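Please read the structure below before turning to the comments.
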Amino acid sequence: QVQLVESGGGLVQSGGSLRLSCEVSGIPVNFNAAAWYRQAPGKQRELVAKITMLGRTNVEDAMKGRFTISRDITKNTVNLQMNSLKPEDTAVYYCTMKNTWGQGTQVTVSS
């Protein structure tokens, strides 16, 4: 039913920016909650940001002011804008909706 495909990851230097996109199939993004998680090597999966079904957003403290979650209704995507990236942001980033997960996209930040 629900299918999620992340894209936009890559290698970026410290201080750089990346925009991740989660293409959603099966459900509309405008009436469903979504979230971005990340998992760094050897660490537990952690919440990055979430957006409610009504569009309210929340970014975890460690990323607040640098990351922004949004949704594009016309493209049916959930996006994560990442600015001022740090090496500690290096992780596989996943989007999730309706208990469904994408395959993840690798973000690597070099010093």
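The values are calculated or read from the model by the stated rules, or taken from the named source; none is laboratory data. Fair warning: this is a prediction, and the values are worked out from it, not measured in the lab. Cβ sites come from the backbone with ideal geometry, for glycine too, and all protein chains shown count toward neighbours. Quick note on the areas: whole protein, heavy atoms, side chains included, nothing else; ligands and nucleic acids left out. Shrake-Rupley method; radii C 1.70, N 1.55, O 1.52, S 1.80 Å.
Can you find a residue that is open to solvent by 60 Å² or more (accessible area, probe 1.4 Å), closer than 30 Å to Ser111 by Cβ, more than 9 Å from the chain's Cα centre (by Cα) and modelled with pLDDT under 95 anywhere in region 64-80?
No: region 64-80 contains no residue that is open to solvent by 60 Å² or more (accessible area, probe 1.4 Å), closer than 30 Å to Ser111 by Cβ, more than 9 Å from the chain's Cα centre (by Cα) and modelled with pLDDT under 95.
For Val59, are the conditions met, namely being without any contact (Cβ under 8 Å) to a residue 12 or more places away in the chain and among the β-branched types (Val, Ile, Thr)?
Details: without any contact (Cβ under 8 Å) to a residue 12 or more places away in the chain: yes; among the β-branched types (Val, Ile, Thr): yes.
Spelling it out, Val59 is indeed without any contact (Cβ under 8 Å) to a residue 12 or more places away in the chain and among the β-branched types (Val, Ile, Thr).
Check whether at least one residue in region 53-63 is open to solvent by 60 Å² or more (accessible area, probe 1.4 Å), modelled with pLDDT of 95 or more and β-branched (Val, Ile, Thr), and report yes or no.
So far as region 53-63 goes, yes, one or more of its residues are open to solvent by 60 Å² or more (accessible area, probe 1.4 Å), modelled with pLDDT of 95 or more and β-branched (Val, Ile, Thr).
Can you confirm whether region 19-33 contains a residue that is open to solvent by 50 Å² or more (accessible area, probe 1.4 Å) and at pLDDT below 95?
yes
Is it fair to say Ile73 is aliphatic (A, V, I, L, M) and in contact with a helix residue (DSSP H, G or I) (Cβ under 8 Å, 6 or more places away or on another chain)?
Working: aliphatic (A, V, I, L, M): yes; in contact with a helix residue (DSSP H, G or I) (Cβ under 8 Å, 6 or more places away or on another chain): yes.
Criteria met by Ile73.
If the requirement is being at pLDDT 95 or above, open to solvent by less than 50 Å² (accessible area, probe 1.4 Å) and more than 21 Å from Arg56 (Cα to Cα), which of these qualifies: Thr96, Thr90? First the steps, then the outcome.
On the way: Thr96 fails: more than 21 Å from Arg56 (Cα to Cα).
So the residue among Thr96, Thr90 that is at pLDDT 95 or above, open to solvent by less than 50 Å² (accessible area, probe 1.4 Å) and more than 21 Å from Arg56 (Cα to Cα) is Thr90.
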